[in-house]
Structure formats: structure tokens, C-alpha cells
Amino acid sequence: MNQTIDVVMKRRSVRAYEQKEISAEVKAEIRKATLRAPTAGNMMLYSIVEVTDQKIKDRLALTCDNQPFIARAPMVWLFLADYQRWFDYFIASGVEELCKQKQVRMRKPEEGDLFLACCDTLIAAQTAVIAAESFGIGSCYIGDIMEQYEIHKELFGLPRYTFPICLLVFGYPTLEQTHRPYTKRFDEKFILFENRYRRLDQQNFKEMFSEREKQMSKGKNREGIANYGQAMYLRKFNSDFSVEMSRSVRAILEQWLN
Ligand SMILES: Cc1cc2nc3c(=O)[nH]c(=O)nc-3n(C[C@H](O)[C@H](O)[C@H](O)COP(=O)(O)O)c2cc1C
């Protein structure tokens, strides 16, 4: 092992924090590392909004599917996929006039641009996670920022070609958090393939989920749920928050694309 692998392997999501501020120097180091993340075409198709206003943190704790620890995090960063800056720059650079002159349509940000910007944004976010971890600062992604688009748009003044892809909350972990067992991952044979994609069959699933199935059968209240797949379908995939996330993302796409 080396130090980098050590940092990656020791990371876990942290949802309870010491009441200890992150110093300006450490924050600056994390910012610098984050902005060194690889970025498509060296365009930096993202923006980061640091949330320092406690009232906004309190609001996010509610709008992001009621997760109170968001309000208690010493550092909160909103990661936006952002084509607005580049599109504004194209306009400011006279691209409209250029297109008129060449008698071609001026292209606006479309699906591919959005996905590329999302890639950039998540790569920057994960770079921030690892940089923070190297200072002993824990973090947690909040995917629920993709919900409640109308509220978040208003709250952060989001223009058309931005997309709130994730929120990251950071803080020094409490002692209890550092003693939590690590979450397990699926065996790599179900995730890593060679040359071609491999669809899994019933036998594979049995093996892949056997440990989670065992964990689940230890739980008491199964309420007519037969297995882990059914439980996850109800608890995650078809939950109110997933349905709201899809509605909200459709509203964002509507704005980007129409
Ligand atoms: C895209 C994304 C969204 C997530 N959203 C949330 C969230 O809203 N709330 C939360 O407590 N954890 C969230 N997590 C953290 C995951 O639950 C966590 O990474 C997973 O359970 C594995 O645990 P570990 O990070 O401790 O290894 C999110 C993680 C990712 C990558």
C-alpha cells in the first residue's frame, strides 16, 4: 500500500462532525486540489458554491429529503454542472454574429454538453472528497440536491445552463464515526468485466447478494417483503425521494433543452 491507496481505502461517508472549524489554510488546499481535477477540454464545466449562510444550510437539510446533519456540517459545497459560463462567453465573444455571417445556426448547450459537464463536476467533487480525506476531514455526498429544483434554483439563483448535480458536506468525524464498520462492496467479478459487458443471471444474483440477504434476514420487521431486491425496490428505487428526483431532473432537462 502507499499513502494514496491508504487515503482511498480509509474513506467512508461521514454524517456526524466534531464542532471544529476547518481552517482557511486547509480549505485553500482542498480548493486547489479540487480545481486540479481532470476536465473535458480543460474547460472546467462546473461551478462550486460554498454555503456559509446557516439559514441556507438549515433549508437544505429540509429540501434534501430531511437530512439534519447537512445543517451541522462545518463545510458545505454545492457542485453545479455549468455550461452557462461558456455559453455566456461564446455570446460575449461575438459567436452569434459569426454564425450569422457564416449563415449557420448557433448551437446551444444540448444533451451531450450536459453529460460532459456532469462528468467534469463529479470528477471535481470526488477530488475534493479525497483531498479532504487526506487532511482527516470526512465528507458525505447528498444526491438529493437534484430534487426540489424550483426551490434550489431560487435559493442559489441558478441560470438555465446549470445543473445541481451533488452537494458535499464536510467535517472532522466524531470518534463514533471513525469506529463505524466499513460498508461492504460487491465482489469485483460482478462489477469488472473484460472486453465485453456481461449480464448477470439468477445464479449470479444469488451469489452477489448473499451477504446482504443474510444481513437482512437478521432484521425483524420484514412486512411481507421476500428478499433484498424487493426491499431495495421499495426503500430506494420506488421511494418518494426517487420519484421526486426524477420529476425535478425532468424540470431541469426541460429548461436546458427546450
Ligand atoms: C451520488 C451519491 C449520492 C449520495 N447521497 C447521499 C445522501 O443523500 N445522504 C446520505 O446520507 N448519503 C448519501 N450518499 C452516500 C452513500 O450512501 C455512501 O457512499 C454508501 O452508502 C457507501 O458508504 P461509504 O461511502 O461509507 O463507503 C451518496 C453517495 C453518492 C455517491
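The values are calculated or read from the model by the stated rules, or taken from the named source; none is laboratory data. Not measured: the values here are computed from a predicted model. Quick reminder, even Gly has a Cβ in these numbers, built from the backbone with ideal geometry, and neighbours come from all protein chains shown. Side chains are part of the model used for accessible areas, which takes the heavy atoms of the whole protein and leaves out ligands, DNA and RNA. Shrake-Rupley method; radii C 1.70, N 1.55, O 1.52, S 1.80 Å.
Which value, in Å², gives the accessible area per residue of region 113-170 when a 1.4 Å probe is used on the protein heavy atoms?
Per residue, region 113-170 has 32 Å² of solvent-accessible surface.
Report the antiparallel proportion of the DSSP beta bridges in the chain as a percent, rounded to a multiple of 5.
For the chain, the DSSP antiparallel bridge percentage is about 95.
Quick check on the chain: helices-only [θ] at 222 nm, where DSSP H runs of length 4 and up contribute -39,500 (n - 2.57) each and the sum goes over total residues. Nearest 500, please.
Computed ellipticity for the chain at 222 nm equals -14000 deg cm²/dmol.
Can you send over the solvent-accessible area of L122, 1.4 Å probe, protein chains only, in Å² to the nearest 10?
Number for this one is 80 Å².
Per q in 0.17, 0.22 1/Å, what log10 I(q)/I(0) does a Debye calculation on the alpha-carbon atoms of region 15-77 return?
-0.73, -0.98
Rg and Dmax of region 152-200, Cα atoms, in Å?
19.5, 46
Output the direction-averaged projected area (hull surface divided by four) of the convex hull of the alpha-carbon atoms of region 144-258, in nm².
12.0
So which chymotrypsin sites (Phe, Trp or Tyr not before Pro) in region 114-160 are both in a DSSP loop and have at most 13 other Cβ atoms within 10 Å of their Cβ?
In loop regions of region 114-160 (DSSP not H, G, I, E or B), there are no sparsely surrounded chymotrypsin sites (Phe, Trp or Tyr not before Pro).
My understanding is that a pair violates if its Cα-Cα distance is over 31 Å; which of K153/K184; K27/K218; K10/K214; K20/K218; K189/K236; K32/K100 do that in this structure?
K153/K184; K27/K218; K20/K218; K32/K100
With bins 10 Å wide starting at 0, give me the P(r) of region 77-175 over every alpha carbon pair, in whole percents.
14, 35, 28, 16, 6, 2, 0
How high is the FRET efficiency from M1 to F205, r the C-beta distance, R0 35 Å, rounded to 0.05?
Efficiency at R0 = 35 Å is approximately 0.60.
For Q103 and E25, compute 0.36 nm times the residue count separating them, minus their Cα-Cα distance, and round to one decimal in nm.
Roughly 22.9 nm would be gained on extension.
Note down the relative contact order for the chain as a percent, whole number, built from C-alpha pairs under 8 angstrom at least six residues apart. Can you show the working numbers first?
Details: 317 pairs, mean separation 68.5, N = 258.
Relative contact order of the chain: 27 percent.
Leaving ligands, DNA and RNA out of it, report the carbon-plus-sulfur percent of the accessible area of the chain at a 1.4 Å probe.
Taking all protein chains in place, the chain shows 54 percent carbon and sulfur surface.
Measuring from the lowest to the highest alpha carbon on each principal axis, how far does region 125-180 reach, largest first, in angstroms?
Principal-axis extents of the Cα atoms in region 125-180, largest first: 41, 21, 14 Å.
Are there GluC sites (Glu not before Pro) in region 169-257 that DSSP puts in a loop and that have at most 13 other Cβ atoms within 10 Å, and which ones?
Those satisfying the criteria are E194, E223.
Restricting to Cα atoms and excluding each atom paired with itself, what does the Kirkwood estimate give for region 1-160 in Å?
17.7
In region 176-258, what trypsin sites (Lys or Arg not before Pro) fall in a loop by DSSP, with at most 12 other Cβ atoms inside 10 Å? Mind showing how you got there, number by number?
On the way: sites: K184, R185, K189, R196, R198, R199, K206, R212, K214, K218, K220, R222, R235, K236, R247, R250; in loops: K184, R185, R196, R198, R199, K220, R222.
Loop-located and lightly packed - K184, R185, R196, R198, R199, K220, R222.
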